[in-house]
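Heads up, the thing below is written out as structure tokens.
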Amino acid sequence: MQPRRIVLLGSTGSIGTQAIDVVDGAPHLFEVVALSAGGGNLELLARQAVHTKAKAVGAASGDGAVLQELIDDAARAAGLTGYRPEIITGPDASTRMAEIEADVVLNGITGSIGLAPTLAALKSGATLALANKESLIVGGALVKAAAREGQIVPVDSEHSAIAQCLRSGTAAEVDRLILTASGGPFRGRTPQELHGVSPEDALAHPTWDMGLMVTTNSASLVNKGLEVIEAHLLFDIPLDHIDVVVHPQSVVHSMVQFVDGSIIAQASPPDMRLPIALGLGWPDRVPNAAAPCDWTKATSWTFEPLDAAAFPAVDLAKDAARQGSTFPAVFNAANEEAVMAFHSGRIRFTDIVDTIEAVLSEHPGSSGLTVESVLDAETWARARTHERLAVSSL
């Protein structure tokens, strides 16, 4: 059996680097044929290219000649001669990589800039291993219409868990989806206590290291709100049948409740290599992708309800999803701008969700969902967010 041909988008980020670990552990199953990254770490991208011997390498920013020089240097250091991949640079580099003939495209890009690569991967016919939740959230019906049944395999740990649990029953037997949340660094804080937390506090996640944007979204639970929308779109479950429960140990990654009252949970130590491996190998499991729970040691798992007063982002995300159209795109774009304002010291932590709510309340919506209407809504949301923050900054 020939190895599956893999395209890695966002290869220098957390998802991409761990995906290469998975490929290294199962070279008989997977072969990387193309890589792309934003361009902020061309040296790492060059080393990854040489390590995987990818046939094509893309970077959204940076000079192609410089990238080629870095690849040549990395190849010499590795003792690899004659390696000259195709190099593509520019804002559409990841989209171009997604069009390359492959069996699986792993979209590990952060943010709604992943929408065009997501649509390109689906058009190519490859399986889309989706870690870029934002492209599905802002693209909504566009992405679903472009995908054949079973073409999208979720890589987020929560949605991977749900996909696994859903194997236990038919669609008609599903009652509720239950997404677990670690609670982030501010679990148990009151709204008043959250008012003065610092950017450093927000990045001190107890379980995951996911980069500035995603880690901050986890602290505000905006990330969980986005995941609720993603679950709604992926699994066609009504928003009112998707719950969030706080599980600080991050071992139970999500659950499915069936109509007879049975609840099936997926549990494993927190390690993104497991859902990444499932995304690459679906529907087959990859042996030894990650370590299992150690049942020789005493352990406790706890669950507690979400404090919606302290963390209103989940309910706000559901409201945006109910309105549909371009409202989820506005939710996401306003959040991204507010998060950056928080980290630059211009607003308080609690202003992030307040800003999203205010911008959503002003959004006129769109008569139809197209790539252009999504981009227009995002542009409007970012501009309106900046306007609001200019008069409300600290």
Kirkwood hydrodynamic radius of region 1-55 from all distinct Cα pairs, in Å?
11.0
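Kindly put Phe186, Phe30 in sequence by how many other C-beta atoms sit within 10 Å of each C-beta, fewest to most. Could the numbers behind the result be given before it?
Working: Phe186 21, Phe30 24.
By the 10 Å Cβ count, ascending, the order reads Phe186, Phe30.
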Show the residues, 5+ positions off or on another chain, whose built amide H is closer than 5 Å to the amide H of Thr370.
none
Count, lysine Cα pairs under 23 Å in the chain, 8 or more residues apart or across chains
9
Residue-ordered couplings for region 31-43, obtained by feeding phi - 60° into the Karplus form 6.51 cos²θ - 1.76 cosθ + 1.60 and rounding to whole Hz (Gly and Pro as x), are 9, 7, 9, 7, 9, 8, 8, x, x, x, 9, 5, 4
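What value does region 264-325 have for Rg/Rh, both radii from Cα atoms and Rh as Kirkwood defines it? Could the numbers behind the result be given before it?
On the way: Rg = 17.4 Å, Rh = 15.4 Å.
Ratio of gyration radius to Kirkwood radius for region 264-325: 1.13.
Could you compute the net charge surrounding Ser250? Neighbours are other residues with a C-beta less than 12 Å from the C-beta of Ser250; K and R count +1, D and E count -1. It would help to have the intermediate numbers written out before the result.
Values: positive: Arg187; negative: Glu158, Asp271.
Residues near Ser250 contribute -1 overall.
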How much net charge surrounds Thr355 when only other residues with a Cβ under 9 Å from its Cβ are counted (Lys, Arg +1; Asp, Glu -1)?
-3
Can you give the local net charge around Arg4? Use residues other than it whose beta-carbon is closer than 11 angstrom to its beta-carbon, Lys and Arg +1, Asp and Glu -1.
-2
Whole-Hz couplings from phi, Karplus 6.51/-1.76/1.60, listed for region 72-83; x for Gly and Pro
4, 5, 5, 5, 4, 5, 8, x, 9, 10, x, 8
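If eta is 1.567 mPa s and T is 4 °C, what Stokes-Einstein diffusion coefficient results for region 104-186, Kirkwood Rh from Cα pairs, in µm²/s? Walk me through the intermediate numbers first.
Numbers: Rh = 13.8 Å.
After rounding, the answer is 94 µm²/s.
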The chain: relative contact order as a whole-number percent, Cα under 8 Å and 6+ apart:
14
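Going by average Cβ density within 10 Å per residue, which order do the peptides 354-365, 325-336, 79-90 take, highest to lowest? Numbers along the way, then the final one.
Values: 354-365: 17.0, 325-336: 26.9, 79-90: 14.0.
Packing order, densest peptide first, comes out as 325-336, 354-365, 79-90.
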Expected output is a single nm value to one decimal: the length gained when fully extending between Ala298 and Glu200, i.e. 0.36 nm times separation in residues minus the C-alpha distance. What is it?
32.0 nm
Interchain or long-range residues, amide H under 5 Å from Ile88's placed H
Val57, Gly58, Ala59
Pairs of Cα atoms under 8 Å, at least six residues apart: use those to get the relative contact order of region 316-394, whole percent.
40
Tyr83 versus Gln151: modelled label distance in nm, points set 7 Å from Cα along the beta carbon direction
3.2
Cα point-scatterer Debye curve for region 128-253, base-10 log of I(q)/I(0) at q = 0.13, 0.14, 0.20 Å⁻¹:
-0.57, -0.65, -1.19
Cβ crowding within 10 Å averaged over residues, with 240-251, 299-310, 45-56 ranked highest first:
45-56, 240-251, 299-310
Give the long-range amide H neighbours of Ile109: residues separated by 5 or more places, or on another chain, with amide H under 5 Å away, using H modelled in the peptide plane at 1.01 Å from N.
Asn132
D for the chain, whole µm²/s, Stokes-Einstein with Kirkwood Rh over alpha-carbon pairs at 10 °C and 1.306 mPa s: what number?
74
A convex hull over the alpha carbons of region 216-266 yields, per residue, a volume in Å³ of 92
At 1.567 mPa s and 4 °C, Stokes D of region 4-154 from Kirkwood alpha-carbon radius, µm² per second:
86
Percent of alpha-carbon pairs separated by more than 18 Å within region 277-394:
63
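Read the figures in this text as sums done on the coordinates, not as results from a lab. From a predicted model like this one, the values you see are computed outputs, not experimental measurements. Every residue, glycine among them, receives a Cβ derived from its backbone with ideal geometry; neighbour counts consider all protein chains shown.
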